[in-house]
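Encoded as structure tokens, the structure appears first; notes follow it.
The values are calculated or read from the model by the stated rules, or taken from the named source; none is laboratory data. Since this is a predicted model, take the numbers as computed values, not measurements. Please note: Cβ atoms are built from the backbone with ideal geometry, for glycine as well, and neighbour counts cover all protein chains shown. Keep in mind that these areas ignore ligands, DNA and RNA; they rest on the heavy atoms of the full protein, side chains included. Shrake-Rupley method; radii C 1.70, N 1.55, O 1.52, S 1.80 Å.
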Amino acid sequence: MSIEDGIAVITLDRPDKLNAFTTTMENELIEAFDATDANDAVRAVILTGAGRAFCAGADLSSGAETFSEWSAESNGNDANGDDLRRDGVDLRRHGDDLRRDGVDLRRDGGGRVVLRMFDSLKPIIAAINGPAVGVGITMTLAADFRLAADDARMGFVFNRRGLVPESCSSWLLPKLVPLQRALDWIYSGRIFTAAEAFSAGLVYRLHSREDLLGEATALAHSLTRDTAPVSVALSRQMVWRMLGVEHPMVAHRVESIGINARGAQADVREGIAAFLEKREAVFPDRCSDAMPDLFSSHLPRPRW
Amino acid sequence: MSIEDGIAVITLDRPDKLNAFTTTMENELIEAFDATDANDAVRAVILTGAGRAFCAGADLSSGAETFSEWSAESNGNDANGDDLRRDGVDLRRHGDDLRRDGVDLRRDGGGRVVLRMFDSLKPIIAAINGPAVGVGITMTLAADFRLAADDARMGFVFNRRGLVPESCSSWLLPKLVPLQRALDWIYSGRIFTAAEAFSAGLVYRLHSREDLLGEATALAHSLTRDTAPVSVALSRQMVWRMLGVEHPMVAHRVESIGINARGAQADVREGIAAFLEKREAVFPDRCSDAMPDLFSSHLPRPRW
Amino acid sequence: MSIEDGIAVITLDRPDKLNAFTTTMENELIEAFDATDANDAVRAVILTGAGRAFCAGADLSSGAETFSEWSAESNGNDANGDDLRRDGVDLRRHGDDLRRDGVDLRRDGGGRVVLRMFDSLKPIIAAINGPAVGVGITMTLAADFRLAADDARMGFVFNRRGLVPESCSSWLLPKLVPLQRALDWIYSGRIFTAAEAFSAGLVYRLHSREDLLGEATALAHSLTRDTAPVSVALSRQMVWRMLGVEHPMVAHRVESIGINARGAQADVREGIAAFLEKREAVFPDRCSDAMPDLFSSHLPRPRW
């Protein structure tokens, strides 16, 4: 991860493996988003890949047994958990595993990353610099924006491997593209072009590979340059949480708490004063110590 | 408010202030939608602005302290509520205020208007005749349709003032435009053109300023000319309520109750007969006294 | 129903009545989708109409009393149910009818068909070969895809008959087309062209009448040719159920159960092996006996 001029860049960095997704990568991504949230110097995050690919999907170097082993492993015959390891990582650190019918289920790793992104305090821009397949594309669905290289290719290939959609894509994808398109991609598992992704609305903008990071940076600055960090963080949580809420009254409660809470902080006074004086605002409130809680009393986060 | 040929026109009427939103306007809008609902002569409602603007947002004539005062006020140190006044209006009349951590929170005024529009029995067309900024654009999101003058400009400017989205826009906006576009507008707070609003789907149609009201009227007539008022009112409630419902079974219950209830009323017999006789229907049922209740047994409205 | 090369074709077959919808058709459609689900030889389903129409809507041959009789009938004064008949079918077989205020309500027949389609294990493609009006268009909303003849016409005509939206269309339509378009169609009840339906996103592709069935078949094959039947069936349930779910955590639970369950089955091993060996996969698992239950512990299906 690099940080420059308020923008953190998180790079998937196994270019010789086309950045294939591993348990190590899963845990490092979660730690990276913990770090960008905690660091007031970071206003926005760009997620991209090293080399010619964005992410080729789950690492299949264990071969045909990749998911079979995974399941067997996670069923944990060894009650001491000695077998609950993969890539040298203790699987139980993935979070609380779910017991069902007396066996332990292992949590989907892509889903753990996506849920961490869902809660991010900073806007996230996925800069899809090349092929993004399987978890390589689904992990980007909790980014706020997807920019793509115009020669990138994508695929929700799970049904071609005998698997199922993951990384919360069964929830996220139909909120981003028309339902018929989402079902076509998921059922067929076919690879499609960045042009199709753009015309369906999955990708916000297409750029040449050489321009991609620069354009992602420009978008990041356009979101953060004139805005209060705490307001952006609250907005992010509000919009994402409201996607699944049953009635606008819930939004009204959360927003009312938000206006009252912000009204008691310094940013609003500065924001209005700067507007009336036709000057740039300098917002004093910081995410690290001035984030009001708008949700817990009305909309608790479901637990795993 | 004027009423002509079945169409009520509600006009934001502080043209010298670009129709900036006040507590008085908030209360008058709620009363206006109460009136259009109660009046069987009104089949549809157009909401527009006087002069060159639609609505420039919250009235900031109190200066940098606008929202700070608001919060202090609403925290109500005076238990008798003597301080709970603004623009001469008793804030407690805003509805039941929410106590939290032992203090009173003031409800978002734009949200109160939008929730009243959400429950409207008559279709609402926002005719956005000029700039619509802040609450000026968010108040239109609970309208069924937004038509705009082709030179109008819009902005969800809250994050530039240190505020947060309001008027239930955190819930409504992503239901109207693609999520990436909604997040761009909300995070950045930037002003955008009517052309961008149209291409994103926020605005249903663009017209010249001189044609705007005429086109809004024509759309209103197209919705109401051949349709039963009670059917339109029920349809309106059904579609808006179903936006946040977890399973189509809930719709099936509400719709089944609806068909049974309508089958016992006079409109259906007339509607089928007119269709079979190839003549215009004359529907006898009226919203004021013939609205069946399809919801309360299955889908109660959340309370503040 | 015919079955050829893995694709079942269900044909609405009352061409002299423009395939008007009856209680008999309702029950036969439900039985047909039961049959396609139970038959492992069926990978996808095409729903189309015989003759020049797709479906002209509810059969109105009972005249102006069609829905009035319906309601009176379903109120069932005869406790023995002798009067609960229509087209010779015992209405109580429609499922559990709902008692309300001491009277029986009859369930919406189109809604019963749509809810059965919602639960289908096989992808459904509606091939709309001609006019599709009322229940004729709403019954297609739970299909995964709508292909249409370029001269087809459609209409949500309920408000012109004094009725209300049915077949769960109040829930489904706004998930398929922009809200303003859905409200325009539902409020006005107007007839619109296939071109308008396509540009709004209601229809996935337009074809000439002569090409329509062939193109529907080609789409069906593209979804099923390279994919595991159980994976497609699970994907279908996951995406449709997640449309109304409040938080991605619910998807994460369902998906995690899914990956663990699939990992213990044979398909995944074959899918990964075939991919690594660059050959076509031959998936052994069948829907009839190898469908894992991903939902009942976390997301029970609402009952009528």
The helices (runs of 4 or more DSSP H) lying entirely within segment C:189-284 that contain at least 1 residues which are more than 30 Å from C:L141 (Cβ to Cβ) are C:248-263, C:266-276
Do you know which residues across segment A:191-206 are touching a helix residue (DSSP H, G or I) at 6+ places or on another chain (Cβ under 8 Å) and open to solvent by 30 Å² or more (accessible area, probe 1.4 Å)?
A:I191, A:R205, A:L206
Is at least one residue of segment B:175-182 within 22 Å of A:E270 (Cα to Cα), over 16 Å from the mean Cα position of the chain (by Cα) and not small (G, A, S)?
no
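Per-residue answers, yes or no, for (1) closer than 24 Å to B:K122 by Cβ; (2) more than 14 Å from chain B (Cβ to nearest Cβ); (3) in contact (Cβ under 8 Å) with a residue 12 or more places away in the chain:
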{"position": "C:P123", "(1), (2), (3)": "no, yes, yes"}
{"position": "C:N129", "(1), (2), (3)": "no, yes, yes"}
{"position": "C:V135", "(1), (2), (3)": "no, no, yes"}
{"position": "C:F145", "(1), (2), (3)": "no, yes, yes"}
{"position": "C:D151", "(1), (2), (3)": "no, yes, yes"}
{"position": "C:G155", "(1), (2), (3)": "yes, no, yes"}
{"position": "C:N159", "(1), (2), (3)": "yes, no, yes"}
{"position": "C:V164", "(1), (2), (3)": "yes, no, no"}
{"position": "C:P178", "(1), (2), (3)": "yes, no, yes"}
Just give me the residues in segment A:206-240 being closer than 15 Å to B:L179 by Cα and more than 8 Å from chain B (Cβ to nearest Cβ), in sequence order.
A:Q237, A:W240
Tally, over segment C:267-304, of residues that are open to solvent by 40 Å² or more (accessible area, probe 1.4 Å), among the small types (G, A, S) and more than 8 Å from every other protein chain (Cβ to nearest Cβ):
2
Residues in segment C:119-129 that are surrounded by 24 or more Cβ atoms within 10 Å (Cβ to Cβ), out of contact with any Pro (no Cβ under 9 Å at 6 or more places or on another chain) and not β-branched (V, I, T) total 4
Those residues of segment C:44-68 that are surrounded by 24 or more Cβ atoms within 10 Å (Cβ to Cβ) and under 30 Å from C:A233 (Cβ atoms) come to a total of 7
Among the residues of segment A:269-304, write down those that are in contact with a strand residue (DSSP E or B) (Cβ under 8 Å, 6 or more places away or on another chain) and of a type in the set (G, A, S).
A:S297
Hits in segment B:136-188 - residues which are of a type in the set (S, T, N, Q) and buried (at least 24 other Cβ atoms within 10 Å of the Cβ):
B:T138, B:T140, B:N159, B:S167, B:S169, B:S170, B:S188
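In segment A:15-34, what residues are among the hydrophobic types (A, V, I, L, M, F, W, C) and touching a strand residue (DSSP E or B) at 6+ places or on another chain (Cβ under 6 Å)?
A:F21, A:A32
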Against the condition under 17 Å from the mean Cα position of the chain (by Cα) and at pLDDT 95 or above, how does C:M238 come out, does it pass?
yes
So is A:A79 at pLDDT 95 or above and of a type in the set (G, A, S) or not?
no
It is to be established whether one or more residues within segment C:44-63 are modelled with pLDDT under 95 and either among the charged types (D, E, K, R) or part of a strand (DSSP E or B) (or both).
no
Before we move on, is B:E210 assigned by TED's automatic domain parsing to the domain that holds B:G6 and either free of Cβ contacts under 8 Å to residues at least 60 places away in the same chain or open to solvent by less than 10 Å² (accessible area, probe 1.4 Å) (or both)?
yes
Some residue of segment B:35-50 being farther than 21 Å from B:A220 by Cβ and not assigned by TED's automatic domain parsing to the domain that holds B:V230:
no
